[in-house]
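Just so you know, all these numbers are worked out from the coordinates, no wet-lab data involved. Please read these numbers as outputs of a predicted model, since none were measured by experiment. FYI the Cβ positions are ideal-geometry reconstructions off the backbone, even for glycines, and counts take in every protein chain you see.
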């Protein structure tokens, strides 16, 4: 009798643990959402910060970054672009107002609120970062303390 109860208890515990829901990580939630949000992607690499889960991937020969919150909601997509991809008015502003600078980084961020641009400009003396976030034109976004800024 004891043997039967032991076998039944063991079988029940194995059966229930096989169907118990394992905790889903934030990367798993983001990966599931990513599969729904993006098609024809390749070379997907995942990383996580204190605030986001980030998918670095290639799509149509472009490297892109999709940012997700920990619940798997898409926050936005970022990709580096060429100055020729900027709207003409933004490109002209850089040429006229920042003629003594060169573009060291330029990227476009897209989210549910629209598309924004960020540009890092350098000259011999300083590095500045401009953004269109929240405005129709460029405004200063960040002025690095160090003379050499490699990351936005």
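Descending by average beta-carbon neighbour count within 10 Å, the peptides 70-82, 42-54 line up as 70-82, 42-54, the highest first. Normalising the average separation of contacting C-alpha pairs (under 8 angstrom, six or more residues apart) by the number of residues puts the relative contact order of the range 23-77 at 35 percent. Inter-label distance, residue 96 to residue 81: 2.0 nm, where each label sits 7 Å from its Cα along the C-beta direction. How big is the Kirkwood radius of the range 18-124, worked out from every pair of different alpha carbons and given in Å to one decimal? Across the range 18-124, the inverse of the average 1/r is 15.8 Å. Applying D = kT/(6 pi eta Rh) to the range 19-78, where Rh is the Kirkwood radius over alpha-carbon pairs, T corresponds to 25 °C and eta to 0.890 mPa s, the Stokes-Einstein value obtained is 208 µm²/s.
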